[in-house]
Amino acid sequence: MNAPNESQKRIAGTLEGFLVVDAGPGTGKTRTIVERFVNILEKGVSADRVLLLTFTRNAAEEMKERIKNALAEIYLSCGSERRRAVENASKVLQTGTFDSFCHTIVTEYPEAISRFFGIDGKLSRGAVLSENETLNREYFNDVADRFLFDRCGDYGDAEAVVSQHIGDAYTAINAMMSAGIFPLKKGWFGSESDPLTGDAEAVADKLRRNREMSNKKEYRLPKDVNQVFKDIGIERELPTDSPLPEDVITEAVEDDRTDLFRVFHDLYYHYIKRSVEDDRLTFSLTSLFAFVVLYSEKGIREGMSFDYLMIDEFQDTDSNQLRMALMLLDRPNLCVVGDWKQGIYGFRNAEIENMTEFHERVPGMISELNDDTERVRYRVAEEDIKKMHLDVNYRSSSEIIGCAYRSLTVRASSQEELDTERIRGLVGPDVYSDRDGAIGDRSHVRFVKADNVSEETEEVVRRILDYATGDGYGILCDDGTFRRPSFGDIAVLCRGTRACIEIYEAARGRVPVFMQGDMEIMSTREGKLLLAWLKYVNNRNDRWGLSAILSDTNLAPREVRSVMDGMRSDDRCVPEMIREQRDYLRRKRRRITELVTSVFSLYGIDNDISHAITSVVSSAHRNSLLTISDIIRMMESDISNGTRYRVESVPDGEAVIIQTIHKSKGLEYPIVMIPRVDSRVFPSTVSDRSAFLFDRDTGLRCTKELYRFGEGYAKIDRSWKTHLVKRTLKKEYDEERRLLFVALSRAKQYVTVSASDPSFFFKELSGGESVPSGLIHPGEAEVRKESPARAPDVGRLPPRRLNVGVHDILRFGDDEPGGEPRTPTAASADAMRFGTAVHECAERMVLGKEVEEEYPQIAVVRAVLDSLEDASEMIPEIECALPFNDLNVTLRGIIDLLVLYPDRVEIHDWKTDRTRDFEGEYMIQLSIYAHAASGHYGLPAVCCIDYVTLDEQHRFQPLPEEDIATRVRDYLEAL
DNA sequence: CACTTTCCGGTTTTT
DNA sequence: CCGGAAAGTG
């Protein structure tokens, strides 16, 4: 890369004070942060006094790498005296995610939290951070149910609404945590009055302003209220020829919410208390508790402090995090970097206002934090805060930048609004392109309108082919020349996962394509075919299974039906080939992993999804001796619950990537396609259905209200007051526009935006100028139309790559490879169950969790773990894969325990055997793991079989890979 | 043309 | 069950 530009230099050189850096897309943000970080160290500041916080692990890792590299360069160019300091600095770099930092604080000082809240119980050092939001909701639900039951009748009308909408209460409480609002045993933190009231004056003001802005002839707001009155059946009407009367504004804004606040206070406090007592943390609780520790304990706060702090992606912070940042500093040296235009995490309570209103928020926060005692030991006035700007875009052509900025621009309806936008740097790009000279005219932004969704999907595929194979496109290389685009240069960015999947499915088999993200793998063709075969193999009379199998062949629907009808008597009407396949598969019914891979190889299916399914099924099977019917049940429940699994990402660089816009943040591609910019889809019109509204200005409000009609008759219906207040929240720039901005600004040279039912985003952006679909005809030879699903043919279709379970190639005496497996006896089933139990305990122990079971084997495991104390990392139950490319086979298995040392990896495997009869086989097993791990980490591996029943260990060097290959060959022979 | 009624579709996700 | 947009109405 070339030398830093002026603004990058200025920012990297401004080391002291408070600094906000507005860094538009592609402006060299990471580089500037790295440079600034290094500059601070160069000044002689000790590396442990500088902290860099980010939001994702990836970003944290990348930063660390790049800082280390920069330091390494310095190292080479300086004298021996400085060398040691530089070397040392690179070891103690303080970079990490906000959440991991908070987690450290909380687990290190758990007693501070109980002390602060006045709770008897306390979090342990090993408190579990429950990442699964579904389970967290369930936990809250249980806690709240119980609580409301115990306090039945204490909270008047509010209680009814809360108990009917516990999930919504959880959401609202999480939003409060992010906003830094939380209950004390009595009252609320940091305020005499109720912090949930909001800013009544501000809301009233907005309602009045709204009145002025309304259409001269008719007044919108009174009409709106009348509509609600009508909907809920209240006989009341406001005059629509006059503005909203002041007394109505007052009535709406100053609605009495004391019961609602009381129930939330008590429930919120109770939830905190129970979580502490049950030793349960969520990400939100961790963040809140970290604040509490820093706030309440002077010693900890000072011990944790830094002289310099930098925060990346600052638009993703919430206010709790900002306040923590202020307390973490010993001196006023805070540099925040981000781009509010890329703030797309509002649904996670991130506030772009932390960035846009940084100047106003910070001084206020500091004085609040210093309310009773000095917690922030420096002063920052609004005018001390410097604002700098990265303004050169090194990524995109100016056509693309212009388009991206236009996507943000809203038709400002007043001069005042326009001015606000100008201040925010919105009217016209605040960034200019550096690429135009190099790119020249090899850039475009195109708009395509298709007649319907499937036609649009087709069009996307066509255009992918055109970009990758057609003439007239050139991708700029580092040396300034152009090359033909390849599939790997193209990204398809969608608003939602659904669209991603649909486009992925349509493109698969025709274009090399790769989808990133979790998928409902069991609902795919692969999943359903497998399910169908499992059912049919399990039971020859399974009608659903057979009909699904038949429907995937090229039999006409009529023929399928006649077969199904014939099924009522016997299965002679089933095509012979299918029956043969069933017999072939049935022989493998006890080797689930093999059965699964065989089903897929019948169809020649070997892709990300089939891999993911294979690994889910085989690990479920491995963990608890499942039968075919258990697997069937699991798959069926996954289908009906819409369970998503991570699909292993093997981007080979030459495949089109399909991902959501959210996932694309921070990435760049030469060619970007943005499909489905349709009405209701993008911008998404999913409305807030929550029973509670929580916002800085409006405070906490209930969207429902209990209406009483005379004699004891009452009903819960929407609250007209909250409805009115909600209208003040309508933001001019909503997240959807920023999402479009993110999508467009990923592109370096070419963009195609398409729609079948254009939304107003599409219309606005294209200016009504779009091209119909179907104009592009990529060479037919290139279009490998997926042949209509062929009937599976046994044997003739060699599997392209076979996934083989490690256990499949091991020989345990009575089990001939490829033959019928030994029949599980009651005794051997028991032994396996015991083995599984020991493995589970061992896993928990590695993770530092309590283990209740106490038998001799556990003590042995503990002794082994204790002997590994100087390891840099211990990973239990990790999946591994060892490819044999010449054999077209990948061996897959799960390592019981992988121990990482700086210079080697150690593979451990727990064995509950009473003899060492199978040692030879186990050595092969561990050797496979060792080669896989060794390849992954680039370190030599050592194997160790831990016989926990015998209390013996067998350490050895892995057997040569060739020995394993021989086994694999034998296995393939026998197939 | 302006307003009302009916209809439709239905997220994003790191730590 | 809600809000946006198409269809329906005067």
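Some points to look at:
- Placing A:H444, A:H270 in order of accessible area, with the largest value first and a 1.4 Å probe, yields A:H270, A:H444.
- Full-stretch length increase - A:N69, A:E869 - with 0.36 nm per residue and alpha-carbon distance subtracted: 285.0 nm
- 12 Å reach of a label modelled at A:S684, 7 Å along Cα-to-Cβ, counting backbone N of region A:476-498: A:494-498
- Residues in chain A average 46 Å² of solvent-accessible surface per residue, probe 1.4 Å, ligands and nucleic acids excluded.
- Given charges at beta-carbon only (K, R positive; D, E negative), |dipole| of region A:464-519 in Debye: 180
- Size descriptors for chain A (Cα atoms only): Rg and Dmax, in that order, 31.6, 94 Å.
- Cα-based helix-to-principal-axis angle, A:592-602 vs chain A, degrees rounded to 10: 90
- Compactness ratio for region A:514-656: Cα radius of gyration over 2.2 N^0.38 Å (N = residue count) comes to 1.09.
- In terms of packing, defined here as the mean over residues of other Cβ atoms within 10 angstrom, the peptides A:231-238, A:272-279, A:738-745 line up highest first as A:738-745, A:272-279, A:231-238.
- In this Cβ point-charge picture (+1 for Lys and Arg, -1 for Asp and Glu), region A:1-154 has a dipole of about 780 debye about its Cα centre.
- Length-normalised contact order for chain A - Cα pairs under 8 Å, 6+ apart - percent: 13
- Counting DSSP beta bridges with both ends in chain A, the antiparallel % (nearest 5): 40
- In this Cβ point-charge picture (+1 for Lys and Arg, -1 for Asp and Glu), chain A has a dipole of about 1680 debye about its Cα centre.
- Angle between chain A longest axis and helix A:220-232 axis [Cα atoms, degrees, rounded to 10]: 60
- Annotation for A:M577 and A:E852: the two label points, set 7 Å from Cα along the Cα-Cβ direction, are 5.5 nm apart.
- Fully extended contour minus Cα-Cα distance, from A:R916 to A:Y937, at 0.36 nm per residue: 4.6 nm
- Options A:V851, A:L765, A:F98, ranked by Cα towards positive dipole end of chain A, top entry (Cβ charges): A:L765
- Pairs from A:K230/A:K721; A:K449/A:K763; A:K849/A:K911 whose Cα-Cα separation, in the structure shown, is over 18 Å: A:K849/A:K911
- Apportionment of accessible area to carbon and sulfur, chain A, percent (1.4 Å): 48
- Electrostatic bookkeeping for A:D318 treats Lys and Arg as +1 and Asp and Glu as -1; over the other residues with beta carbon under 9 Å from its beta carbon, the sum is -1.
- Computed helical MRE - 222 nm, chain A, DSSP H runs ≥ 4 contributing -39500 (n - 2.57), nearest 500: -14000 deg cm²/dmol
- Positive contributions from Lys and Arg (+1) and negative ones from Asp and Glu (-1), summed over other residues with Cβ under 12 Å from the Cβ of A:P958, come out at -2.
- Helix A:80-91 and the long axis of chain A differ in direction by around 80°, with both axes built from C-alpha atoms.
- Taking all protein chains as they are arranged and a probe of 1.4 Å, the heavy atoms of A:L898 leave approximately 0 Å² accessible to solvent.
- A:D570 versus A:N452: modelled label distance in nm, points set 7 Å from Cα along the beta carbon direction: 4.5
- Most to least packed among A:767-777, A:515-525 [average Cβ atoms within 10 Å]: A:515-525, A:767-777
- Region A:447-586: Cα Rg divided by the 2.2 N^0.38 Å rule of thumb: 1.49
- The loop-placed chymotrypsin sites (Phe, Trp or Tyr not before Pro) in region A:484-562, going by DSSP, include none that has at most 14 neighbouring Cβ atoms within 10 Å of its Cβ.
- Sorting the segments A:914-925, A:280-291 by their residues' average number of neighbouring beta-carbon atoms within 10 angstrom, most packed first, yields A:280-291, A:914-925.
- Remark: for residue pairs A:K298/A:K386; A:K64/A:K91; A:K665/A:K748, the C-alpha separation exceeds 22 Å in A:K298/A:K386.
- In a fully extended conformation the segment linking A:E138 and A:S637 would gain 177.8 nm over its present Cα-Cα distance, using 0.36 nm per residue.
- Projecting the Cα atoms of A:G156, A:H777, A:I895 onto the charge dipole of chain A, computed from C-beta unit charges around the Cα centre, puts A:H777 farthest toward the positive end.
The values are calculated or read from the model by the stated rules, or taken from the named source; none is laboratory data. These numbers come from a predicted model, not from an experiment. Cβ: placed from backbone, ideal geometry, glycine included. Neighbour counts: every protein chain shown. Calculation scope for accessible area: heavy atoms of the full protein, side chains included, ligands and nucleic acids excluded. Shrake-Rupley method; radii C 1.70, N 1.55, O 1.52, S 1.80 Å.
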